[in-house]
1. Determine whether segment 277-288 contains at least one residue that is open to solvent by 40 Å² or more (accessible area, probe 1.4 Å), modelled with pLDDT under 90 and within 23 Å of the chain's Cα centre (by Cα).
2. With the structure loaded, tell me whether GLY83 is at pLDDT 90 or above, within 25 Å of the chain's Cα centre (by Cα) and at positive phi or whether it fails that test.
3. Could you say whether any residue in segment 49-57 is in contact (Cβ under 8 Å) with a residue 12 or more places away in the chain and within 30 Å of ASP297 (Cβ to Cβ)?
4. Go through ILE51, ILE33 for me and flag whichever is aliphatic (A, V, I, L, M) and over 25 Å from the mean Cα position of the chain (by Cα).
5. Inside segment 70-104, can you point out the residues that are among the small types (Gly, Ala, Ser) and either touching a strand residue (DSSP E or B) at 6+ places or on another chain (Cβ under 7 Å) or farther than 20 Å from PRO261 by Cα (or both)?
6. Quick one: count up the residues across segment 59-100 that are surrounded by 19 or more Cβ atoms within 10 Å (Cβ to Cβ), closer than 16 Å to CYS172 by Cβ and hydroxyl-bearing (Ser, Thr, Tyr).
7. Against the condition aliphatic (A, V, I, L, M) and at pLDDT 95 or above, how does LEU70 come out, does it pass?
8. Going by the structure shown, is PHE66 in a helix (DSSP H, G or I) and under 30 Å from ILE276 (Cα atoms)?
Amino acid sequence: MEPETGLSKPLAVVACATMAFLYVAILYAPTLILRLPAPSSIKEFMIRRFICAAISSFISLVLCAFLLPLRKREATYLLGVYGIRLDHFWQAVVFPLSLTSLMYAGSFVFKSLLLVDSWKEHMHQGEGFFFDFVKAILQNFLAGLSSTASNVLAWRNYVVAPLTEELVFRACMIPLLLCGGFEIYVVILLCPILFSLAHLNHWMEIYGRQNYSLLKAFMVVGLQLGYTVIFGSYASFLFIRTGHLVAPIVAHIFCNFMGLPMLFVRRTGMVSLAFIAGAVAFICLLCPITQPHLYNDGTDDCECWHGYFRIQARN
């Protein structure tokens, strides 16, 4: 379908590729361009990267606003195009988070088994009643939260990376590609490719700083790229279906926290059964739980990419 708005496909692709390149390139600007001295600590290094990521995200938002063929240039209108909305906020948080957690059913079962083993050991050693065990678990949990809040790497994984990456690779790129006339399934595949390529800089860091062999570095980064393509497709699907940027953001934070889903463990098949059951439930609920009417009041007057999606859905 040719776009009615005048934004061409080549321009949309070039703009998206530029934003992906900028997102990575600007991370190295303090050293290569500004010639700043090397950071004295990991905290200073990460803070520099936080600032760079914020700057590249802002530039991408401005570039996107300039290129998108909007009928109005009002802030609230543009924020709606980016999926930054307050209406149906709790649905955009709870439903995608619940859906994403199904893929981690095996991980939850594994953690539950570890918790049961810990409780049995606690009782066997006669260290108190069940209440004391629960109290110890809560204390450890709160201590972990406090430690995480002061960890700069945690801020990268759970705040800065999810926010800036979803802003650039979902909020900016998807409206451009859809307004450029690309079909939805193409967008869901194309955005994750750019998203994964933006992680290629990790190869240099892994190979250079962790003293990995060339083959091992390629294997590690290859696994990461494959995972980012899969997650990027899912995040793009969430953004297009819900019209809320918060939907892929909460999924991103949750996946960063959980890591790769647990598929199996040697001592029991419960983990594998739980993973299979969760995966089946995820596939069955993927479309029903992301029905656009659950996240939007109207279906005929949606802005930009959202209106495009409605037309495609009815066809």
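1. No, the conditions are met nowhere in segment 277-288.
2. Details: at pLDDT 90 or above: yes; within 25 Å of the chain's Cα centre (by Cα): yes; at positive phi: yes.
Spelling it out, GLY83 is indeed at pLDDT 90 or above, within 25 Å of the chain's Cα centre (by Cα) and at positive phi.
3. First, the residues of segment 49-57 that are in contact (Cβ under 8 Å) with a residue 12 or more places away in the chain: 49-50, 52-57.
Retained after the next criterion (residues that are within 30 Å of ASP297 (Cβ to Cβ)): 57.
Yes.
4. Details: ILE51 fails: over 25 Å from the mean Cα position of the chain (by Cα).
So the residue among ILE51, ILE33 that is aliphatic (A, V, I, L, M) and over 25 Å from the mean Cα position of the chain (by Cα) is ILE33.
5. Within segment 70-104, the subset among the small types (Gly, Ala, Ser) is 75, 80, 83, 92, 98, 101.
If the condition is that a residue be among the small types (Gly, Ala, Ser) and either touching a strand residue (DSSP E or B) at 6+ places or on another chain (Cβ under 7 Å) or farther than 20 Å from PRO261 by Cα (or both), then ALA75, GLY80, GLY83, ALA92 are the ones that fit.
6. 2
7. Working: aliphatic (A, V, I, L, M): yes; at pLDDT 95 or above: no.
No; evaluated as a whole, the condition is false for this residue.
8. Working: in a helix (DSSP H, G or I): yes; under 30 Å from ILE276 (Cα atoms): no.
Criteria not met by PHE66.
The values are calculated or read from the model by the stated rules, or taken from the named source; none is laboratory data. Fair warning: this is a prediction, and the values are worked out from it, not measured in the lab. When we count neighbours, we look across all protein chains shown, and the Cβ atoms used for this are built from the backbone with ideal geometry, even at glycine. These accessible areas exclude ligands, DNA and RNA; they are computed on the full protein's heavy atoms, side chains included. Shrake-Rupley method; radii C 1.70, N 1.55, O 1.52, S 1.80 Å.
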